[in-house]
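Right, one structure below, let's go through it.
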Amino acid sequence: MIDTEKTSRLSRFLDNDMVWSFTHSPMAMAAGIATLLFFCAALFAPIIAPFNPFDPAQVMLWDGKLPPAWADGGLPQYILGTDDQGRDLLSTMLYGGRLSILVGLAAVLLGMVLGTTLGVISGFAGGLTDVIIMRIADVQLTIPGILTAIMINGFGRAFLPIEYHNQFAIYFVIIAIGLSDWPQFARVTRGATMVERNKEYVQAARVIGLPNWLIILRHVLPNVMRSVIVLSTLSFAIAIISEATLSFLGQGIPSTTPSLGTLIRVGNEYLFSGLWWIAFFPSLTLVLLVFSVNLLGDKLRDILDPKLR
Amino acid sequence: MTQLLDIRNLSIDFPMRGLVLNAVKGFNLQVNAGEIIGLVGESGAGKSTVGNAITGLLGKPGRISRGEVIFQGENICDYTDEQMRKLRGRRIGMIFQDPQSSLNPLMTVGKQLVETIQECLGLRLKEAEARAIELLNDVGIPDPESRLKSYPHQFSGGMRQRVVIALALAGDPELIIADEPTTALDVSIQSQILQLIRKICDERGVGVIMVTHDIGVVSEIADRVAVMFRGELVEVGGVDQVLRNPQHEYTQNLIVAVPSPDKRLHRFTCVDLIEGEASQTKIDVQTHWLGKANSDVVEDAGPAIEIKDMSLAFRLKNSVLKSQRTFVQAVDNVSFDIEQGETFGLVGESGSGKSTLARIVAGLHTADKGELSIYGKKIGFKHNDPARRHSRTFLQVVFQDPYSSMNSRMNIRDIVAEPMRFHNLTENEAQTRQIVDDLLDHVGLGKTAARRYPHEFSGGQRQRIAIARALASRPKILICDEPTSALDVSTQAQILNLLRDLQDELGLTMLFISHDLPVVRQMCDRIAVMRHGKICEIASNEDLFENPQHEYSQHLLKLMPNLGAS
């Protein structure tokens, strides 16, 4: 066996078989790099974007509905053209993508924490607790996720005075998507927990006398995280689509601070009057973003958790 | 005798990341018609790989890098996949380890047999059915006509393996490759299946390559033995010659490591060739952590473990109606005592309730009724009973499967230190670390072990770690639940030696559970034989093996594979 005394944690991590199969799969690497690019673009939007679409001083209403720079009538400073309010489309998309990714991440985090907690409890406790939690999840799964999200979102709006709507819209969307997402996590972690619970290392922890919560936290949870990570990546792509759908339906992010979905909705109104670019570029970005994240999730699943198919 | 198969200088490579693994190196073997060859070796020796190479079922990325496999005058290494497919079933039959998964659970046995027969021999349906009945009859399945319509789950494990053998015979092959055909079966069924294979081989003149890790199996039925070690064939010869007078050093070690049922040895003669890291250093136990008494244990309070009228039933089928529920009585009115410092053996076939009993003692299951006392203190069945909580520091378990008994996300130091940290047994972290290092040293692992993770260790090494963890809370009682059944014989010998040394040094009381009679013979002072949840007989080691009283004990002893060597 190799003497691992001197090697650092990082080099041991890089030497890992999974990292190796990831870096030696062209598809996985391509998806990873593409996703990373999208994240960087979102993170550094204020630096990369030529304009700040939320600064009224920079928005020229008379520059509205300009086509991309290479088309007839396009201006060189607006590379992908402008939207109906005269905002530079590229800048708006960068900021919009930022919002979409943020909402996606937060929603998945919420669904993951909630679903994993309930799933692990359900799988570990078994019996009546298990039955109750899983039946609730089953009932929720009979309703399509997007409908649940619309419903939760609608409830949120109904209980809040109208003047706060735009301000809190993003939180509603996050909560709505997160809450519609948890049964997936609960199901997967419950299954994984039931497998781990019967393994001998959990029995050994019981013989030592560890209380259940400590066994869950220290032994079960780290061992089901693999499936959770894979599922979060796949759910992240779905959450972005959900957000775009909500926004497209006018239930999500308001058009003053547009996300990709809002931009598509706005563009949709102008699509048949020949202003194709307002809907086209945000849609293309959305497709590419979701595709690369999905592909990444798929490849991660192949590498980390081949059983989860 | 006609020669069926001639393997010449076969080498098989598995190209892996950064290196090429030579799974088989320069392998030569001849198989004659009507002959059973036992291909023996420990896990990873390459014996199954050889079997797979002959049938063309070598898993990717494995490939034959050199040599030839000549089957009845033709080199089958050059065959295309389609030619290999035609060869399998028709001319080379296969029997796999697990009868449960080698049959399709959704098809009747008859349909599977008929399909195979039609595919291999091109018979019409009626003829194929007649042949299927004939085959089932040949492999000793009673009432074959009606059994054709049964599904695999309607057969017992042994019967299912007979069906698998019938399937292997369906195409009338000249060679059968049996990969661990009895490993998943109980001893009593194992000997029946072995006799069946012998009979088929004699009657039909089929050549059989029997891949197995179990020397007992080989000694029972094989004509010749081929011993593999690290991808190389180290010795071939007649059974008697190899087992009684082994030439190669490895074979000698292997034979010595097999526990003998005939007499009790003090130690197994140790085997250096197998695991280099396993050198044992003696520590002065009196001044050592392990030697210090666990302060609260009252030592002179009667037997270490006392069990009275213990029963536990598992619910098989749940129902709202009480009358509809079905139960299986896993432990049925069991009583026995284990004296301090004694090794008490529990023997029985799978499903006899021996593990369940151990789990009740360890507090993992709760008995329906009965009394359990440890050191004279009655233990309540509640999870947080004070006596139970107290017992957790001085009662520990070594589990069966070294691959699942450790959390793969924790390093060895954290795994071994967990009991000490949880019960606050040490004064500070530095002391904990010191003790972990000592313990690992004590069970024969190197100093660097503490920083590594479980997957970096072999099965035997992991079992040593599991023992170190069990010792960490300075136990007085150690429950060993089949501690060596997942290990190779030579590793088993080392682990058994280690357990015995620890017991001598620390005066441990042991409850030792095993299905393997020779192992129990070597380890235990007193032995209880269990069957269907009941204890048939409790006797001292010598009495049980030399003069068994109960009918079932006699039956078990008779079935025990005996090398007849040494």
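Readers should treat all values here as calculations from the given coordinates under stated rules, not as data from a laboratory. Quick caveat, the model's predicted, so the values are computed rather than measured. As a convention, Cβ positions derive from the backbone with ideal geometry for all residues, glycine included, and neighbour counts pool all protein chains shown.
Among the aspartates and glutamates, select those whose C-alpha is under 19 Å from the C-alpha of B:Lys369, and discard any that sit fewer than 8 residues away in the same chain.
Result set, ordered by chain and number: B:Glu306, B:Asp309, B:Asp332, B:Asp337, B:Asp385.
By the gyration tensor of its Cα atoms, with a ≥ b ≥ c the square roots of the eigenvalues, what is the shape of the protein assembly as shown: rounded for a/c under 1.5, prolate for a/b over b/c, or oblate? Walk me through the intermediate numbers first.
Working: a/c = 2.07, a/b = 1.53, b/c = 1.36.
Judged from the Cα gyration tensor, the protein assembly as shown comes out prolate (a/c at least 1.5, a/b above b/c).
Alpha carbon centre of region A:87-161 versus region B:139-207: separation in Å?
Each part's Cα centre sits 54 Å from the other's.
Could you state the angle between the C-alpha long axis of helix A:89-125 and the longest principal axis of the C-alpha atoms of chain A, as a value from 0 to 90 degrees rounded to the nearest 10?
20
For the charge dipole of the protein assembly as shown, defined by +1 on Lys and Arg C-beta atoms and -1 on Asp and Glu C-beta atoms about the Cα centroid, which residue among A:Pro68, A:His24, B:Leu478 has the Cα displaced farthest towards the positive pole?
A:Pro68
Just want the answer: with Cβ charges of +1 for Lys and Arg and -1 for Asp and Glu, which residue in B:Ala128, B:Met107, B:Phe71 is farthest toward the dipole's positive end in region B:66-145?
B:Phe71
Using the charge dipole of region B:350-467 (Lys, Arg: +1 at Cβ; Asp, Glu: -1 at Cβ; taken about the Cα centre), state which of B:Ser405, B:Gly351, B:His390 has its Cα farthest towards the positive end.
Checked the options; the winner is B:Gly351.
Which of the GluC sites (Glu not before Pro) found in region B:348-456 are in a DSSP loop and have at most 12 neighbouring Cβ atoms, other than their own, within 10 Å? Kindly include the intermediate steps, with their values, before the conclusion.
Working: sites: B:Glu349, B:Glu371, B:Glu427, B:Glu429, B:Glu456; in loops: B:Glu349, B:Glu427.
In loop regions of region B:348-456 (DSSP not H, G, I, E or B), the sparsely surrounded GluC sites (Glu not before Pro) are B:Glu427.
To the nearest whole number, what is the average tally of beta carbon atoms from other chains within 10 Å of the beta carbons of peptide B:465-478?
The per-residue average across the peptide is 1.
Only bridges with both residues in chain B count here: give the DSSP antiparallel percent, nearest 5. Can you show the working numbers first?
On the way: 47 of 84 bridges.
So the antiparallel bridges amount to about 55 percent of the total.
Just to confirm my numbers, what's the Cα centroid distance between region B:20-42 and region B:116-133 in Å?
33
Grab the DSSP H runs of chain A that are 4 residues or longer, score each as -39,500 (n - 2.57), total them, divide by all residues and round the 222 nm result to the nearest 500 deg cm²/dmol.
Rounded to the nearest 500, it is -23500 deg cm²/dmol.
Rounded to the nearest 10 degrees, what's the angle between the helix A:145-159 long axis and the longest principal axis of chain A, both from Cα atoms, 0 to 90?
For helix A:145-159, the angle is close to 70 degrees.
Cut-off is 10 Å between beta-carbons; in what order do B:Ile535, B:Ile70, A:Ile177, B:Ile255 appear when sorted fewest neighbours first?
Numbers: B:Ile535 23, B:Ile70 17, A:Ile177 32, B:Ile255 20.
Fewest-to-most ranking of B:Ile535, B:Ile70, A:Ile177, B:Ile255: B:Ile70, B:Ile255, B:Ile535, A:Ile177.
If you put +1 on each Lys and Arg Cβ and -1 on each Asp and Glu Cβ, how big is the dipole of region B:1-151 around its Cα centre, in Debye rounded to 20? Please list the in-between numbers first.
Working: 18 positive and 18 negative charges, 84 e Å.
Dipole about the Cα centre, nearest 20: 400 debye.
Taking the Cβ of each residue in A:Tyr171, B:Tyr403, B:Tyr375 as the centre, tally the other Cβ atoms inside 10 Å and list the residues starting with the fewest. Numbers along the way, then the final one.
Values: A:Tyr171 12, B:Tyr403 17, B:Tyr375 24.
Least crowded to most crowded, the residues run A:Tyr171, B:Tyr403, B:Tyr375.
So, in Å, what gap is there between the alpha-carbon centers of region A:16-71 and region B:343-394?
62
Filter the cross-link list B:Lys111/B:Lys149; B:Lys308/B:Lys476; B:Lys111/B:Lys199; B:Lys534/B:Lys558; B:Lys60/B:Lys86; B:Lys382/B:Lys534 down to pairs whose alpha-carbon distance in this structure exceeds 18 Å. List each step's numbers first, then the result.
Values: B:Lys111/B:Lys149 8 Å; B:Lys308/B:Lys476 21 Å; B:Lys111/B:Lys199 25 Å; B:Lys534/B:Lys558 20 Å; B:Lys60/B:Lys86 20 Å; B:Lys382/B:Lys534 24 Å.
From B:Lys111/B:Lys149; B:Lys308/B:Lys476; B:Lys111/B:Lys199; B:Lys534/B:Lys558; B:Lys60/B:Lys86; B:Lys382/B:Lys534, over 18 Å: B:Lys308/B:Lys476; B:Lys111/B:Lys199; B:Lys534/B:Lys558; B:Lys60/B:Lys86; B:Lys382/B:Lys534.
Using unit Cβ charges (K, R positive; D, E negative) and no other charged atoms, how large, in debye to the nearest 20, is the dipole of chain B about its Cα centre? Don't jump to the answer; show the numbers that get you there.
Values: 63 positive and 72 negative charges, 357 e Å.
That gives chain B a dipole magnitude of about 1720 debye.
What does the charge dipole of the protein assembly as shown about its Cα centre add up to, to the nearest 20 debye, if the Cβ of each Lys and Arg holds +1 and the Cβ of each Asp and Glu holds -1? Walk me through the numbers on the way to the answer.
Details: 83 positive and 93 negative charges, 350 e Å.
That gives a dipole near 1680 debye.
Just to be sure I understand the model, the point goes 7 Å from the Cα along the line to the Cβ. What's the resulting B:Arg85 to B:Arg17 distance in nm?
Label at B:Arg85, label at B:Arg17, 3.3 nm between them.
For B:His153 and B:His532 in the same chain, what is the full-extension length gain: residue separation times 0.36 nm, less their Cα-Cα distance, in nm?
On the way: separation 379, 0.36 × 379 = 136.44 nm, distance 2.10 nm.
Here the answer is 134.3 nm.
In peptide B:386-398, how many Cβ atoms from other protein chains are near each Cβ within 10 Å, on average?
On the way: counts 0, 0, 1, 1, 1, 2, 5, 2, 0, 1, 3, 6, 3.
Mean partner shielding for this stretch: 2.
Of the beta bridges DSSP finds with both residues in the protein assembly as shown, what % are antiparallel, to the nearest 5? Numbers along the way, then the final one.
Numbers: 48 of 85 bridges.
Around 55 percent antiparallel, to the nearest 5.
Given labels modelled 7 Å from the Cα in the Cβ direction, how far is it in nm from B:Asn411 to B:Glu542?
Inter-label distance under the simple model: 5.1 nm.
Nearest 500 deg cm²/dmol is fine: what mean residue ellipticity at 222 nm does chain B get from its DSSP H runs of n ≥ 4 alone, each adding -39,500 (n - 2.57), divided by its residue count?
Working: 19 runs with 199 residues, N = 566.
Calculated mean residue ellipticity at 222 nm is -10500 deg cm²/dmol.
Which ordering of A:Val59, A:Val108 is given by a fewest-first count of other beta-carbon atoms within 10 Å?
On the way: A:Val59 20, A:Val108 26.
Listing A:Val59, A:Val108 from fewest to most nearby Cβ atoms yields A:Val59, A:Val108.
Give the average, rounded to an integer, of partner chain Cβ atoms located within 10 angstrom of each Cβ in A:190-201. Before the final figure, lay out each step's value.
Values: counts 0, 0, 0, 0, 0, 1, 2, 0, 1, 8, 12, 14.
Counting Cβ atoms of other protein chains within 10 Å of each residue's Cβ and averaging gives 3.
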